[in-house]
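Engineer: Let me give you the structure first, and then I'll get to my questions.
The values are calculated or read from the model by the stated rules, or taken from the named source; none is laboratory data. Computed from a predicted model, the values in this text were never measured in an experiment. Counting neighbours? That spans all protein chains shown, and the Cβs are built from the backbone with ideal geometry, glycine included. Heavy atoms of the whole protein, side chains included, go into the accessibility calculation; ligands, DNA and RNA do not. Shrake-Rupley method; radii C 1.70, N 1.55, O 1.52, S 1.80 Å.
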Amino acid sequence: QYRFLDRAAIKDPQMPSVVTKVNIWYLPTSTDVEEVKLVLRMLPIWATTIIFWTIYAQMSTFSVSQATTMDRHIGSSFRIPAASLTVFFVGSILITVPIYDRVVVPIASKLLHNPQGLTPLQRIAVGLVFSIISMVSAALVEIRRLKVAQDAGLVNKPFQVVPLSVFWLVPQFFFVGAGEAFTYIGQLDFFLRECPKGMKTMSTGLFLTTLSLGFFVSSVLVSAVHKITGDKHPWIADNLNRGRLDYFYWLLAGLSVLNFLVYLLFAKWYVYKEKRLAEEGYIVEEEDDGPACH
C-alpha cells in the first residue's frame, strides 16, 4: 500500500556523495515515510465515522424540538423540560458499557478468538448500526406525531401540545447513546492504537475532528434541505406540524446506510499495524505506553 511514497526515501543519484547532512524535506527517512503511510491508511476510517456524529447532532436539536411539541407531563403537576431528554444518552451509555463488558466481551472473545471481545473497527461498526436504527426510529415516531397532530386539528397551532407522550422519543435517544458507547471508545482506541508512536496527540485530534465535522455536516445538510424544499413544502419548518421532519430523518438513515457500506469496505481493507508488522517479520511487544516493535 502506498508504495509510491517509498521514493521519498530514495536518494537521488545526482546528489553529491560527499553530502553528509540532507534536508529531511528532500530526503526523509524510511521511518518518516512509513509513519505517513500509517496516517493515510487511517483516513478512510476517519472519513466514514463523521456521519455518526451528524446523527448525534440531531438528538440535541430536532429531537429536542419534537419534545417541545409533545406531552411532557408525569402525573398531574410535574412537566419534563424538553432539553432534559438528553439524560437518556447518559442512561443508555451506563447500561451499554457494563452489558458490553459482562456479556458481549465473553461471548465475542470465544467466537472471534479475541480476548478484548470486539476489535476497534468492529465496535465502530456496531455504533454505526445503532445510529441507523435510531434514525429509523426517529422517522417512525415523527410520522406518528404528525398523524396525531393532524387528527387533533393542531397542524396550524404550533404552540398547542400534541396529545402524544414525549417518551415515544426515548428509543432514538437510547440507540444513539448506545451507538456512542461503541463508536466513541472504538474510535479513540483505533486512533491511539494505529497512529505512529510519536503522534499520539495528532491521533486524538483526528478523532475529535470527526465529532466537530459531524456537527458541521449537519448544518450543511439542514441548509441544503431547507433551500431545496423551499417554503411551500418544507421538510424543516418553524412549525414542525406543517413540516416533514420524518423525510429528513429518512434522508439521514439512507446516508448512514450508504456510509456504513463504504465503511465495511474500508474496514475489510484495513490491516492493523501489529499484524502488518508481524507479517513483515518484526517482533511486536506491548510496553507501558503502547505497542512497540524492534
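Engineer: Of all residues in the stretch 36-47, count the ones that are open to solvent by less than 10 Å² (accessible area, probe 1.4 Å) and either outside any helix (DSSP H, G or I) or at pLDDT 90 or above (or both).
Structural biologist: Adding up the residues that qualify gives 1.
Engineer: Pick from S65, S77: which is out of contact with any strand residue (DSSP E or B) (no Cβ under 6 Å at 6 or more places or on another chain), touching a residue at least 24 places away in the same chain (Cβ under 8 Å), over 29 Å from K273 (Cα atoms) and not β-branched (V, I, T)?
Structural biologist: S65
Engineer: Which one of these is open to solvent by 50 Å² or more (accessible area, probe 1.4 Å), under 28 Å from L206 (Cβ atoms) and of a type outside the set (K, R): V103, V126, V90, V176?
Structural biologist: Values: V103 fails: under 28 Å from L206 (Cβ atoms); V126 fails: open to solvent by 50 Å² or more (accessible area, probe 1.4 Å); V176 fails: open to solvent by 50 Å² or more (accessible area, probe 1.4 Å).
Being open to solvent by 50 Å² or more (accessible area, probe 1.4 Å), under 28 Å from L206 (Cβ atoms) and of a type outside the set (K, R) holds for just one of V103, V126, V90, V176, which is V90.
Engineer: Can you tell me how many residues within the stretch 135-181 are acidic (D, E) and in contact with a helix residue (DSSP H, G or I) (Cβ under 9 Å, 6 or more places away or on another chain)?
Structural biologist: Residues in the stretch 135-181 being acidic (D, E) and in contact with a helix residue (DSSP H, G or I) (Cβ under 9 Å, 6 or more places away or on another chain): 2 in total.
Engineer: Residues to consider are L208, L140, L154; find the one that is surrounded by fewer than 21 Cβ atoms within 10 Å (Cβ to Cβ) and either touching a strand residue (DSSP E or B) at 6+ places or on another chain (Cβ under 9 Å) or outside any helix (DSSP H, G or I) (or both).
Structural biologist: Exactly one of L208, L140, L154 is surrounded by fewer than 21 Cβ atoms within 10 Å (Cβ to Cβ) and either touching a strand residue (DSSP E or B) at 6+ places or on another chain (Cβ under 9 Å) or outside any helix (DSSP H, G or I) (or both), namely L154.
Engineer: Something else: Can you tell me which condition F191 does not meet? The list is (1) in contact with a Leu (Cβ under 9 Å, 6 or more places away or on another chain); (2) at pLDDT 90 or above; (3) among the aromatic types (F, W, Y), and all the others hold.
Structural biologist: The failed condition is (2).
Engineer: Follow-up. From the residues in the stretch 113-166 that are among the hydrophobic types (A, V, I, L, M, F, W, C) and touching a Lys or Arg at 6+ places or on another chain (Cβ under 7 Å), which one is farthest from E274 (Cα to Cα)?
Structural biologist: V155
Engineer: Follow-up. Name the residues in the stretch 216-243 that are within 17 Å of N156 (Cβ to Cβ), touching a residue at least 40 places away in the same chain (Cβ under 8 Å) and not in a helix (DSSP H, G or I), would you? Quick ask: steps written out before the conclusion?
Structural biologist: Applying the first criterion (within 17 Å of N156 (Cβ to Cβ)) to the stretch 216-243 yields 231-234, 237-243.
Now restrict to residues that are touching a residue at least 40 places away in the same chain (Cβ under 8 Å): 238-242.
Answer for the stretch 216-243, where residues must be within 17 Å of N156 (Cβ to Cβ), touching a residue at least 40 places away in the same chain (Cβ under 8 Å) and not in a helix (DSSP H, G or I): D238, N239.
Engineer: Given the structure, is Q116 polar (S, T, N, Q) and within 26 Å of the chain's Cα centre (by Cα)? Please lay out each step first, then the result.
Structural biologist: Numbers: polar (S, T, N, Q): yes; within 26 Å of the chain's Cα centre (by Cα): yes.
Taking the combined requirement at face value, the residue satisfies it.
Engineer: List the number of the failed condition for S134; all other conditions in (1) open to solvent by less than 70 Å² (accessible area, probe 1.4 Å); (2) under 22 Å from W269 (Cα atoms) hold.
Structural biologist: (2)
Engineer: Is the stretch 282-292 home to any residue that is within 22 Å of M42 (Cα to Cα), small (G, A, S) and at pLDDT below 85?
Structural biologist: Yes - at least one qualifying residue is present in the stretch 282-292.
Engineer: Now a separate question. If I filter the stretch 67-75 for residues that are crowded, with 22+ Cβ neighbours inside 10 Å and more than 30 Å from A237 (Cβ to Cβ), do I get at least one hit?
Structural biologist: The answer is no, given that none of the residues of the stretch 67-75 is crowded, with 22+ Cβ neighbours inside 10 Å and more than 30 Å from A237 (Cβ to Cβ).
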